[in-house]
There are 2 protein chains.
Amino acid sequence: MRPYEKDPKAIYAESFATVAREADLTRFPHGLDKLATRVIHACGMVEVADRLAFSEQAFRKGAAALAAGAPILCDCEMVGAGIIRRYLPAENPVIVTLNDPSVPALAQTIGNTRSAAAVELWAAHLEGAVVAIGNAPTALFHLLELLDHGAPKPAVILGFPVGFVGAAESKAELAANPRGCDFVALRGRRGGSAIASAAVNALSAGLPELVA
Amino acid sequence: MRPYEKDPKAIYAESFATVAREADLTRFPHGLDKLATRVIHACGMVEVADRLAFSEQAFRKGAAALAAGAPILCDCEMVGAGIIRRYLPAENPVIVTLNDPSVPALAQTIGNTRSAAAVELWAAHLEGAVVAIGNAPTALFHLLELLDHGAPKPAVILGFPVGFVGAAESKAELAANPRGCDFVALRGRRGGSAIASAAVNALSAGLPELVA
């Protein structure tokens with residue numbers, strides 16, 4: 001079998017160098033360039049850089065929220081599993097409510113998916129939180145509905161739901177941003193939990209692998 | 001805000017219908033068409049169908065192994081988190097060794113990454129297992145090395161490592177298949193834990209959302 005790179009530092013350095021060489025990150029404000037790099041690294045597609053939408057303050061607000069101890073609200077267990085705990089600046093709580101026992105009945109009550117019902121359980125944690133959605137368009141749609149009805153604003157919404165029904169639409173609604181809430185979103189069908197986790201990890205620590 | 005689909009059954013039906021409409025799955029043997037559908041659904045990209053490599057018996061062998069109670073060996077926690085437990089036919093164990101306390105020292109000893117070292121801990125479970133690799137190219141490379149040194153064969157290797165260093169190369173080595181081990185792999189840089197989990201879920205249950 002051919003030889004392959006086995007040194008983690010060399011792998012990270014070469015990975016991030018490939019992103020820097022192939023992706024045009026010049027349009028990103030400070031910090032968001034690192035978030036874009038981690039997102040690209042998570043999915044192996046340099047071209048997603050061109051589909052990232054964001055508010056100017058998204059990185060600063062999200063990083064500051066984490067530094068101040070804000071919780072991270074995730075729409076599914078996979079997003080939570082991808083958050084690198086040792087990078088979190090304040091042992092931030094990672095909250096996933098999808099499998100709370102109350103969720104199935106709540107979904108029936110509100111006439112929406114379990115993913116949307118799980119968002120209702122975020123209420124007490126929402127103000128100033130970092131929200132990371134990497135799976136369900138209905139979770140993002142329902143969060144935006146709750147904000148329209150006066151729910152407290154998170155510090156930043158990382159919008160990366162994936163798929164063919166509602167993913168592109170929910171992210172377009174987030175990026176239109178009539179609510180004035182800081183956000184990062186990947187336009188279109190693509191997304192996923194690994195990308196959402198990568199965005200959180202960028203807010204936590206940038207690219208620490210390059211200096212470690 | 002615009003209305004959106006909130007019914008889970010309708011969302012699944014429309015999602016899978018979109019895949020059926022846009023992707024050409026005619027080249028896939030029975031079962032692998034469902035695996036391809038779940039993989040596409042997990043990443044929102046119909047075009048990955050054209051990059052899926054597989055052995056003819058991969059679905060049959062993988063599904064039979066799970067039905068017989070085989071364990072599922074995952075290279076990272078995210079892959080494990082994405083496996084839908086209620087679809088597993090035999091309450092199959094889902095094993096992730098990456099965070100075993102012995103792994104960092106073992107990585108030093110073998111001069112490879114933690115992901116590769118974690119694969120060494122699969123030894124007792126490897127024979128007839130379903131292997132799902134959704135993150136680290138070094139995990140796949142090292143598994144293939146162990147097989148070359150006589151390790152017992154898994155029933156099927158689901159190869160979906162992602163990224164810019166070794167992902168394409170490790171999957172090409174898997175797909176060349178000099179070891180005669182059943183496999184599914186997504187050629188190129190793309191991959192990821194959600195895709196690897198989706199492949200396992202397909203082996204477990206096909207597309208049960210369409211008949212539930």
For the A:ALA13, A:SER102 Cβ pair and Förster radius 51 Å, calculated FRET efficiency rounded to 0.05 is 0.65
Measuring from its Cα centre, region B:1-92 shows a charge dipole (+1 at each Lys and Arg Cβ, -1 at each Asp and Glu Cβ) which, in debye to the nearest 20, is 240 debye
Whole-number value, in Å³ per residue, for the convex hull of the alpha carbons of chain A is 134 Å³
For the protein assembly as shown, the percent of all C-alpha pairs falling in each 10 Å bin, from 0 up to the bin holding the max distance, is 5, 23, 33, 26, 11, 1, 0
Treating only Lys and Arg (+1) and Asp and Glu (-1) as charged, each at its beta carbon, one finds that the protein assembly as shown has a dipole about its Cα centre, in Debye to the nearest 20, of 200 debye
DSSP beta bridges in the protein assembly as shown: the antiparallel percent, rounded to 5, is 20 percent
Partner aspartates and glutamates whose C-alpha sits under 18 Å from that of A:LYS61, ignoring same-chain residues fewer than 8 away, are A:ASP33, A:GLU91, A:GLU127, A:ASP182
Ranking A:PRO8, A:LEU143, A:ALA70 by how far each Cα lies towards the positive end of the charge dipole of chain A (+1 on Lys and Arg Cβ, -1 on Asp and Glu Cβ), the top one is A:PRO8
Carbon and sulfur atoms account, in whole percent of the 1.4 Å probe accessible area of chain A, for 52 percent
Between the alpha carbon centres of region B:178-212 and region B:106-163 the gap in Å comes to 17 Å
On protein heavy atoms with a 1.4 Å probe, the accessible surface that disappears when A meets B, both sides summed and given to 100 Å², is 3700 Å²
Computed about the Cα centre, the charge dipole of chain B from +1 Lys/Arg and -1 Asp/Glu charges at the Cβ has a magnitude in debye, to the nearest 20, of 320 debye
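The values are calculated or read from the model by the stated rules, or taken from the named source; none is laboratory data. The model shown is predicted, which means the values in this text are computed figures rather than measured ones. Every residue, glycine among them, receives a Cβ derived from its backbone with ideal geometry; neighbour counts consider all protein chains shown. Ligands, DNA and RNA are excluded from the accessible area calculation, which covers all protein heavy atoms including side chains. Shrake-Rupley method; radii C 1.70, N 1.55, O 1.52, S 1.80 Å.
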